[in-house]
Amino acid sequence: MRLVASSNAAPASVNRYLLPHEQDVVTIRRHPAVLIGPVATVLAALILAGILSRTIGGNSTATLAVIWWLWLLVLVWFVWRVAEWSVDYFVITSARLLLTTGLITRQVNMMPLGKVTDMRFERTLIGRFLGYGTFVMESAGQDQALSRIDFIPYPEQLYLEVVGLIFKE
């Protein structure tokens, strides 16, 4: 399976960072597993709110309102995390690797392919089961903004794609 997206398939939020001579090879979101923590938090908060409503909030309307307003704040935080995930992209171009993050404050991390001296990917047991991994890149002993990218889907295929671009013949 080849994960090649044409420039037209990449969202405008990514295309604006590409240079005119660059070709978009792969544009992909981080794996949805990045949302496991927020989902667990919302569910735990829901269970806690239900238990507290039964035990201490049963007689007081004000206590019930506080409990459920707090849960609503947790839910809003969850929706914010999902919205952030939906605009975060890992981009492999013909010349660079980019990671765009942030909903309001946009952050674009970049590493030229020519600067990558060492690259590997790691997969935990859960990552193997769910289908994600972590890319770790080094650049001539320098500390780079784009040295570790977590929750990358299809890590084997993407690794081969990047290595193929780095070692063109």
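The values are calculated or read from the model by the stated rules, or taken from the named source; none is laboratory data. Just so it is clear, the model here is predicted, and its values are computed rather than measured. No Cβ is skipped: glycine too gets one built from the backbone with ideal geometry, and neighbour counts run over all protein chains shown. Note: accessible area is taken over every heavy atom of the protein model, side chains too, but ligands, DNA and RNA are not part of it. Shrake-Rupley method; radii C 1.70, N 1.55, O 1.52, S 1.80 Å.
Some points to look at:
- Translational diffusion coefficient of region 11-84 (Stokes-Einstein, Kirkwood radius from Cα pairs, 10 °C, 1.306 mPa s): 103 µm²/s.
- Quarter of the Cα convex hull surface for region 116-169, i.e. its orientation-mean projected area (nm²): 3.9 nm²
- Normalised Debye scattering of the chain at q = 0.09 Å⁻¹ gives log10 I(q)/I(0) of -0.42, counting only Cα atoms as equal scatterers and leaving out solvent.
- For the chain, with +1 on Lys and Arg beta carbons and -1 on Asp and Glu, the positive-most of Ile104, Leu158, Gln144 along the dipole: Ile104
- When the Cα positions of Trp71, Gly58, Ile92 are compared along the charge dipole of region 57-122, Ile92 comes out farthest toward the positive end, with charges on each C-beta of Lys, Arg, Asp and Glu.
- Largest GNM mean-square fluctuation across Phe129, Phe121, Phe90, computed for the chain with C-alpha springs under 10 Å, falls on Phe129.
- Lys/Arg +1, Asp/Glu -1 at C-beta; the chain dipole; positive extreme among Gln23, Thr117, Leu35: Leu35
- Most fluctuating residue given options Ile104, Ile92, Ile47, as computed from a GNM of the chain linking Cα atoms under 10 Å: Ile104
- The dipole here belongs to the chain: it is taken about the Cα centre, uses +1 on the Cβ of Lys and Arg and -1 on the Cβ of Asp and Glu, and is about 340 debye.
- With Cα atoms, 0 to 90° folded angle of helix 61-87 axis to the chain main axis: 10 degrees
- Using a probe of 1.4 angstrom and keeping all protein chains present, the accessible surface of region 25-96 works out to 56 square angstrom per residue.
- Residues Glu84 and Leu125, FRET efficiency given R0 of 25 Å [Cβ-Cβ distance, rounded to 0.05]: 0.40
- Electrostatic tally near Val91: other residues with Cβ closer than 14 Å to its Cβ, Lys and Arg +1, Asp and Glu -1, net +1.
- Largest-first ordering by accessible area, 1.4 Å probe, given options Arg120, Arg30: Arg120, Arg30
- Computed from Cα atoms, the angle from the helix 36-55 axis to the main principal axis of the chain rounds to 0 degrees.
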